[in-house]
Each structure stands twice: as structure tokens, then as C-alpha cells.
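Shown next, in C-alpha cells, is the structure this report addresses.
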Amino acid sequence: MASRTVRLAADTLTREDMGALADWLRTGPRVTMGPLTAEFERRLAAWLDVPHCVMVNSGSSANLLMAQALLEDGRLRNRKVVVPAVSWATTLAPFMQLGFECLLCDAGPDDLGVDPARLEEILRRESPSLLILVHVLGRPNRMEEIRALCGRHGCLIIEDACEALGSEHRGRKAGALSLAGSFSFYFGHHISTVEGGAVAVADPKLHAVLRAVRSHGWSRDVPEPFRSDWRREHGTDEFRELYTFYHAGFNVRPTELNAFLGLRQLERLPEVTAARERNFRLYREALPEFWCQSGEGGPVSSFAYGTFVADRAETARRLAEHGVECRPLVCGSMGRQPFWIRRHGVTALPVADKVHDHGLYLPNHAGLSSEDIAHVADVMRRFARPY
Ligand SMILES: Cc1ncc(COP(=O)(O)O)c(C=O)c1O
């Protein structure tokens, strides 16, 4: 029997949250998307310091919504997008599903974000109109360099900040560093609404299109003056407008249950991000011989502690034997995932391949104690070899 169990993630939803939800449900409220969702969006936007947030039913839906809204909005020059090889399945998949040509970019060896040198090669060669960044395990990308490159090549930037809620770059929150940014509120993320996600956005027109595409493509949730403009432009009267579809939409709405929980979770966000940052520092101090992420930005609201080990399967087995849960370093390389290989064959990318074969992540969540981290580090030092 292991002396201690250290779980990979802990539920941020407490018994009190569930009790409050049950009490509220007994009052017979409306549970389809409504005023609580709007209130959650306002409070999240204020916390992120962005003009607007659009809540959806998952982080994956947030990525899908951004991709489709950009197409519907008509601001892309072509359907070419740069996607980081070290990302997440549903960072990439929406673009494949929507018929984009997806150009995988290798990661930088320090931060595991997009490598600016590799990005520049792609921008020169392919002239894509869009780049989606992923702040891997919460570490912000090299924004200054990336912005300068994309500016020079006319490439728009959006962010998948699903692993980075609360991380900062030069005083701005991750997810608010570009045209639009996505977040996930799934179990194991910084906050949880059971399932849930959001898009942060400053541009008023893109915000309007995001709201339409979230709900079938209609304008009921679209703010003025866009709603009236669209009605006028299409000669729609107020009654017809109820079933007028201005954009090719989805239904990726959240419910009021998610928003009810989200409003309570937002209160705890500062404490959660501080704990995750502290845990990252404790790991780094306890494991100086192992690689750790570094780069721009801070504080980093660390999602998990990523490192490289020589024999990953053996390390995972030893950690499990000693009560410690771990995982591969997220998706490894998208260029090695079956759904990519089926279409494009294996795409070899040196840093992403190293992540694929040797990357491991260790638990980080707000419920972790310094003793838990000392235990994980002790098992690592005894049984793992740095790579
Ligand atoms: C970078 C990234 N994007 C998107 C997602 C998907 O979020 P969700 O599980 O809410 O769909 C995840 C999930 O962990 C992720 O890590």
C-alpha cells in the first residue's frame, strides 16, 4: 500500500457548491441559458479585463465556435491555420472539420509554446491567415515575437487558453492576449462548471457573430446595434426575426446550472491560481535535476508540472506504486496522433516528438499540500531518470 495518494486533479466543486445548487433548484428556476449565464460572462470578462465573454458548454466548443465565427465573420484571407503540434485534440480538430489546411508548428524547447523560428518559416512559405496558440500547461507563449511575426505576415492570432486560466503575460491575462481566447471549465481545470467553457473577445463584431453562432445562427442573443443592423440589412421584421438564421451556427450553449456553479467558482479563482503557482515553484525547487518549463510571462497559473524522463512507462509504474497519478505530457505531438496520421501520415517535429515520447506531467491542483509535492519529488528522485 502506498503511504500517500496524490491525485492528478481534484474537484474544485465542493459539497457546499452542490448544496447551494440543490437549494436553488428547489426554488424552480429557469435552467436553460439565461440571466445567470449573462452574469457569469460579465464577471469573467471583468476578471480577465476584456470587454466580452461568451459562455459555452466546453472548451472544445469554445475552440469550434472561434473557428466558425471567424469564417462567418469573413475576416480570413484563406483557410490556412497554424496549429501548435503540442496542443490538444480539439484545438486542431475543429479546423480539420471546417476544411482548413492545418499547418503544424513545432514547440519551443523551453516553454513548449509555438517556436517563433519555426513559425516564421511557415508564415513565409504558406502565408496562413490564422494562428491558434496554446499556452501549454499554463505557460504563456513568446507573445512579443509572435505578434511581431504575425503582424508582418498579416496572420491573425487567437488563443486556446484552456490550460491557462489566471496566467499572465506583461500584466494581461492569458486568453486576452489576442483577437479571441478560449477557456475550459471541465473537471481538473482551474475552475469547474461540470462541463463548460468560454470565449473572451474584444472586437464587437466578432463578439456579435460568436453569440449568433453559439445559438443556431439566430440574433436573439446578439447585442445592438448589430441585431438591428442585421434585421435591416435582410429586411426582417421582428416576428420573422425569431426564426431568422444569419449565420451557419451550432448549439453549444451552456445551462444556468453551469453558470450558477461558475459564479461561485469565480470567487475562488485568485486563491486557486496562487496555489497552482506556488506548487509549480515547490516542484521546481524539489526537482532541480529535471527539466521544467520556462519562458515569458508570470504569474503562471500552472495546469500541471511537466517534465521529461528517460523511461516514461517505468516512471509512471513506479509513481503509481507509490500512490502518485501522472499522465503523458498532454497530447504529445498532434503529428503522431491517429486522426492526423490517417490524413497526413506521421509529421516528424523534433521538440514535439520529444514531448510525445518522454514528456510526463505530475499533479498540480489547489488541494495539493507541500508534503504531497515532497512525496512526488522523492519518488521521482528515487526512480526516474531525467531526459
Ligand atoms: C489546451 C486545451 N484545449 C481544449 C481542451 C478541451 O476542453 P474541454 O474538455 O472543456 O472540452 C483542453 C482540455 O483539457 C485543453 O487542454
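Applying a 10 Å radius around every beta-carbon, put 314-327, 8-21, 363-376 in order of their mean neighbour count, most first.
Descending mean neighbour count gives 363-376, 314-327, 8-21.
log₁₀ I(q)/I(0) of the range 87-149 at q = 0.18, 0.23 Å⁻¹, via Debye over equal Cα point scatterers, no solvent, to two decimals?
-0.66, -1.05
Based on the alpha carbons, how large is the Rg to Rh ratio for the range 15-259 when Rh follows Kirkwood?
0.99
For the charge dipole of the chain, defined by +1 on Lys and Arg C-beta atoms and -1 on Asp and Glu C-beta atoms about the Cα centroid, which residue among 184, 364, 280 has the Cα displaced farthest towards the positive pole?
Of the listed residues, the answer is 184.
Non-local amide H neighbours of residue 180 (under 5 Å, H modeled in plane, Pro and chain starts lacking H): which ones?
It is 159, by chain and number.
Would you mind checking the tilt of helix 204-214 against the longest principal axis of the Cα atoms of the chain, expressed as 0 to 90 degrees and rounded to 10?
80 degrees
Among 228, 257, 58, whose Cα projects farthest towards the positive end of the dipole of the range 15-259, with charges put on the beta-carbon of Lys, Arg (+1) and Asp, Glu (-1)?
Result: 228.
Say we join alpha carbon atoms closer than 10 Å with springs in a Gaussian network model of the chain; which of 246, 186, 283 then has the biggest fluctuation?
In this elastic network of the chain, the residue with the biggest mean-square fluctuation among 246, 186, 283 is 246.
In whole percent, what relative contact order does the chain give with Cα contacts below 8 Å and a gap of six or more residues?
So the answer I get is 23 percent.
Take 49, 203, 23 and order them by how many other Cβ atoms sit within 10 Å, fewest up front.
Starting with the residue having the fewest Cβ neighbours, the order is 23, 49, 203.
Alpha carbon centre of the range 170-187 versus the range 363-386: separation in Å?
Rounded to whole Å, the Cα centres lie 28 Å apart.
Go through 244, 95, 20 and say which Cα lies farthest out towards the positive end of the charge dipole of the range 15-259; charges sit on Cβ, +1 for Lys and Arg, -1 for Asp and Glu.
It is 244, whose Cα lies furthest towards the positive end.
Taking all pairs of different Cα atoms in the range 149-272, averaging 1/r and flipping that mean, what Kirkwood radius in angstroms comes out?
16.4 Å
Taking the Cα centre of the range 269-383 as the origin, how large is its charge dipole in debye, to the nearest 20, when only Lys and Arg (+1) and Asp and Glu (-1) carry charge on their Cβ atoms?
So the dipole magnitude of the range 269-383 works out to roughly 440 debye.
Restricting attention to the chain, give the cysteines that have no other cysteine Cβ less than 4.7 angstrom from their Cβ.
For the chain, the answer is 53, 102, 105, 162, 292, 326, 331, because their Cβ atoms have no other cysteine Cβ under 4.7 Å.
Quote the relative contact order of the range 158-229 in percent (integer), defining contacts as alpha-carbon pairs under 8 Å separated by 6+ residues.
Worked out over the range 158-229, it gives 21 percent.
Sequence gap at least 6, Cα distance under 8 Å: using those rules, report the relative contact order of the range 269-383 to the nearest whole percent.
Averaging sequence separation for qualifying contacts and normalising by length gives 36 percent for the range 269-383.
Anyone know which of 235, 138, 59 comes out most mobile in the 10 Å Cα GNM of the chain?
With Cα springs under 10 Å in the chain, the top fluctuation among 235, 138, 59 is at 235.
Which distance in Å, rounded to a whole number, links the C-alpha centroids of the range 206-232 and the range 103-127?
Taking the Cα centre of the range 103-127 as reference, the centre of the range 206-232 is 35 Å away.
Mind putting a number on the dipole of the chain about its Cα centre? Charges go on the C-beta only, +1 for Lys and Arg and -1 for Asp and Glu, and I need it in Debye to the nearest 20.
In total the dipole reaches around 440 debye.
Considering only 167, 215, 60, give the residue with the highest GNM mean-square fluctuation for the chain, with springs between Cα atoms whenever their separation is below 10 Å.
215
Since every read-out is calculated from the coordinates, none of them should be taken as a lab result. Keep in mind it's a predicted model, so treat the numbers as computed, not measured. Backbone-built Cβ (ideal geometry, glycine too); neighbour counts: all protein chains shown.
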